[in-house]
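Below is one structure, written out as C-alpha cells; comments come after it.
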Amino acid sequence: MLKAETKKFKAHYPLVVVFLAFLLGANAQIQRYSFHPLTPAEGLSQASNDFIYHDSQGFIWLSSIDGLNRFDGKSVKIYKPILGDSTSLIDNNITSNFFEDAENNLWFSTYKGLHCYVRATDNFRRYQLVDKQGKKLQKNYHAFHLDNNNQLWVRVGIKEGNNTSGYLHLFNTITQKDSIVCPIDGHRNSVVLDEKSEVQEVVSYLFPTHNGIEVIAMQAPFETKSFFEGINPAFPSSRIKHILVDTPRAWYLSGDKGLIRFNPLSHKYQIWDTYQATQIGEVTSTENVEENKLWVATGKASVLVYDKKQAAFVAKIPHEVGKETGLQLNRVNKLYKDKQDNIWMSSTIAGVNYTNLNKCKFERPNNFIDHHINTIYETKKGEVFCSYASKIAYYPTPDTALIELSVPQGIMLFFEDNKGNLFGVTSNALLAWNPTQLQFEHQRQLPNFVFDVYVTKSGNILFLTYGGIFEYKQNEEAGIFIPFKSLGKHQKAVATTLHEDAKERLYLAIEYTQLLIL
C-alpha cells in the first residue's frame, strides 16, 4: 500500500485494468484462471493422465493407460506398442513419472517394464529386470527417482494387480546393470533426499489396498516405520494417495481425511479437513506453486490454496463446468507445475486442464457494466473505495461484500491527510468521509478545477488546480483554501503533478512543458 504523500491521482482516465486487478484481490477466497482443455478431443490417446512432465526441450509428456502422449503446445503425438517392433513400448499402461538423464533422454516405467525414450531416434529402449532367482519380472513396475549416480529407482511388485509387496531395484542407466536392494511395499513411492541430494529414505504409500505410509531408511538393516496405518493409536488411520516431501520437517500427505502436514522428526501432525466450515473430502494431490503456497486438489471443494505461513486454506479455484475458460474438471486427480509456471491438472476420466499462474481470469461484476470508473483508492486501514457515475463501491476489507453508496456527483479522486481522514474530490467540491454514517459529506467548494492533490511529509494538503496551487487548511468548521505562499511566484502556475523527495524538495510539472524544483 502506498503512503498518502506519495500517492498520485489521475482523474481523467478510467482505471479499468487496475480495477479488475483489485476485484481479484477483493474476493480473495475465489481465484480464477483461464484454463485450457487437453482431452481425447484435442488428440490425447486416453482421458486418464496420472503423470505429467515438462522436459528440457519444451515438450509436455503425459501418461495414460492407453499409450504415451507428447504435447508440443499445439498437437499431440501418441506412442503405443507396435507388434514386432522392439523400439516401441512394451505395453500401453504408463505407471510412473518421467526422468531426464544427462543426454536429455527420458526414463519411465510401464506396467510391464522400464523404458528409455531416445530423443535422437524418437523411439525407445526397453528393459525387463530379473528377480533373485534370475526369473524375468514381467509386471508391476514403478520407477520413482533418477539419482546423481545414474541409478533409476524402481519398485517391482512380486504379484500382479494392486498388491503392494515388491522389491526395490537400482537400475544403472549407463551400464544397464541392476541391483536388488531390499523388500519394499507401496503402490507408489517417493524419496527423501539429504543435503547432498542423496536418497536418505523411501516413503511408500500403500493405497489402494492398505492405509498409511511406510518409511524405509536406505541403509542396512533398512529399518521400516509405519504411520497412519490404523494400528498405532497415536495416528489416525488414513488412505494416503500422494506425498509431497517439502522440507525435512514438513511432509504434506494427501489422505482420505483431508490434508495432513506431518513432521517425520517429531512425529507431530495436523489435519485440515474443512474450508469455510465445509468438509473438503479426500485430498488427492498437492503441488508447490509459490514460495509459501500449495495448491491442494480435494474431493468436495475443487482446488484449494494453502498458505504455509498461515497454516490455513486461503482461497479456492472453483470448477466451472460449462464456462469456456473455467476449470472443467469436477475432480482433479493430480497437480503438476512446469518450468514456465503452468499448472497442469489431470483427472481419471476427463483429460487435462492447464493454466498459467501469471494469467488470472478476471470477472466483471454487474454493478460496473457500462459505467466509467473514475478512480480506485485503498486507505491506510485497507478499505477500498471505487468511484463510478454518482456512486461509490465500498469494500471495508478485501474479504467483505461490496457496499454501494450514493454521492451527489462522481468523485474524481480520493486522498488522506496525515491523521488518516479520508476525502473525496468531485468536479467542484471537497467531500469528507464520515465512517460512522458511511457517507461523504460536503466540506467546501473548490477554488478551481483540480488536477491532483498532494499531501507533503509535513502535512500540507496541496491542491493543484487550473488557477494555481492552493493549500487546504483544516479547522473546526469546514476548512479553507489559501494560496500556497511557499511557492512564491509559482503559486499561480498550472501544475499537473507534484512530487516531494527525501530531502523535502518539491518537483512540479507545470504548463505541461516545464519541471520546477523548489
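Number of residues in the range 59-86 that are open to solvent by 50 Å² or more (accessible area, probe 1.4 Å), small (G, A, S) and either touching a residue at least 40 places away in the same chain (Cβ under 8 Å) or under 16 Å from C116 (Cα atoms) (or both): the value is 1.
Looking across the range 41-58, the residues that are under 19 Å from T95 (Cα atoms) and either open to solvent by 50 Å² or more (accessible area, probe 1.4 Å) or among the charged types (D, E, K, R) (or both) come down to D50, D55.
On inspection, K339 does not qualify as in a loop (DSSP other than H, G, I, E, B), over 29 Å from the mean Cα position of the chain (by Cα) and at pLDDT 90 or above. Whenever a residue of the range 173-196 is under 25 Å from T247 (Cβ atoms) and hydroxyl-bearing (S, T, Y), its partners that are open to solvent by 30 Å² or more (accessible area, probe 1.4 Å) and assigned to a strand (DSSP E or B), lying with C-beta atoms within less than 7 angstrom and at least six residues away or across chains, give the pairs S190/V245.
Among the strands (runs of 3 or more DSSP E) confined to the range 44-91, the ones with at least 2 residues that are of a type in the set (A, V, I, L, M, F, W, C) are located at 60-62, 68-71, 76-79.
Here is a yes/no grid of residues against (1) aliphatic (A, V, I, L, M); (2) at pLDDT below 95; (3) open to solvent by less than 20 Å² (accessible area, probe 1.4 Å); (4) not in a loop (DSSP other than H, G, I, E, B):
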residue: L114; (1), (2), (3), (4): yes, no, yes, yes
residue: H145; (1), (2), (3), (4): no, no, no, yes
residue: N162; (1), (2), (3), (4): no, yes, no, no
residue: L168; (1), (2), (3), (4): yes, no, yes, yes
residue: Q176; (1), (2), (3), (4): no, no, no, no
residue: S179; (1), (2), (3), (4): no, no, no, yes
residue: E201; (1), (2), (3), (4): no, no, no, yes
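Residue count for the range 298-325 under the criterion of being in contact with a Ser or Thr (Cβ under 9 Å, 6 or more places away or on another chain), among the hydroxyl-bearing types (S, T, Y) and either surrounded by fewer than 16 Cβ atoms within 10 Å (Cβ to Cβ) or under 18 Å from Y354 (Cβ atoms) (or both): the result is 1. With respect to the numbered conditions (1) surrounded by fewer than 19 Cβ atoms within 10 Å (Cβ to Cβ); (2) in a strand (DSSP E or B), which one is the sole condition not fulfilled by Y512? It is condition (2) that Y512 fails.
Selection within the range 396-415: residues that are small (G, A, S) and touching a Ser or Thr at 6+ places or on another chain (Cβ under 8 Å). The member of this set that is least open to solvent (accessible area, probe 1.4 Å) is G410. Name the residues in the range 95-104 that are within 18 Å of K77 (Cβ to Cβ) and either among the basic types (K, R) or open to solvent by less than 10 Å² (accessible area, probe 1.4 Å) (or both), would you? Answer for the range 95-104, where residues must be within 18 Å of K77 (Cβ to Cβ) and either among the basic types (K, R) or open to solvent by less than 10 Å² (accessible area, probe 1.4 Å) (or both): just F98. Scanning the range 116-126 for residues that are in contact with a Cys (Cβ under 9 Å, 6 or more places away or on another chain) and open to solvent by 40 Å² or more (accessible area, probe 1.4 Å) yields a count of 2. The set of residues from the range 308-327 being of a type in the set (A, V, I, L, M) and in a loop (DSSP other than H, G, I, E, B) comprises A311, V321.
Are any residues in the range 118-129 in contact (Cβ under 8 Å) with a residue 40 or more places away in the chain and part of a strand (DSSP E or B), and if so, which ones?
Scanning the range 118-129 gives F124, R126, Y127.
Looking across the range 416-428, the residues that are farther than 16 Å from Y454 by Cβ and either crowded, with 18+ Cβ neighbours inside 10 Å or within 36 Å of the chain's Cα centre (by Cα) (or both) come down to G420, T426.
When restricted to residues that are outside any loop (DSSP other than H, G, I, E, B), free of Cβ contacts under 8 Å to residues at least 24 places away in the same chain and open to solvent by 60 Å² or more (accessible area, probe 1.4 Å), the range 437-485 contains 4. Residue-level analysis places N330 among those that are in a loop (DSSP other than H, G, I, E, B), open to solvent by 20 Å² or more (accessible area, probe 1.4 Å), touching a residue at least 12 places away in the same chain (Cβ under 8 Å) and farther than 23 Å from T209 by Cα.
K132 meets all of the listed conditions (1) crowded, with 18+ Cβ neighbours inside 10 Å; (2) part of a loop (DSSP other than H, G, I, E, B); (3) not β-branched (V, I, T) but one, namely (1). For N358, are the conditions met, namely being open to solvent by 50 Å² or more (accessible area, probe 1.4 Å), more than 30 Å from I65 (Cα to Cα) and either at pLDDT below 90 or not in a loop (DSSP other than H, G, I, E, B) (or both)? Spelling it out, N358 is indeed open to solvent by 50 Å² or more (accessible area, probe 1.4 Å), more than 30 Å from I65 (Cα to Cα) and either at pLDDT below 90 or not in a loop (DSSP other than H, G, I, E, B) (or both).
The values are calculated or read from the model by the stated rules, or taken from the named source; none is laboratory data. Keep in mind that what you see is a predicted model, and the values were worked out from it rather than measured. Quick reminder, even Gly has a Cβ in these numbers, built from the backbone with ideal geometry, and neighbours come from all protein chains shown. In case anyone asks, the SASA skips ligands and DNA or RNA and just uses the protein heavy atoms, side chains included. Shrake-Rupley method; radii C 1.70, N 1.55, O 1.52, S 1.80 Å.
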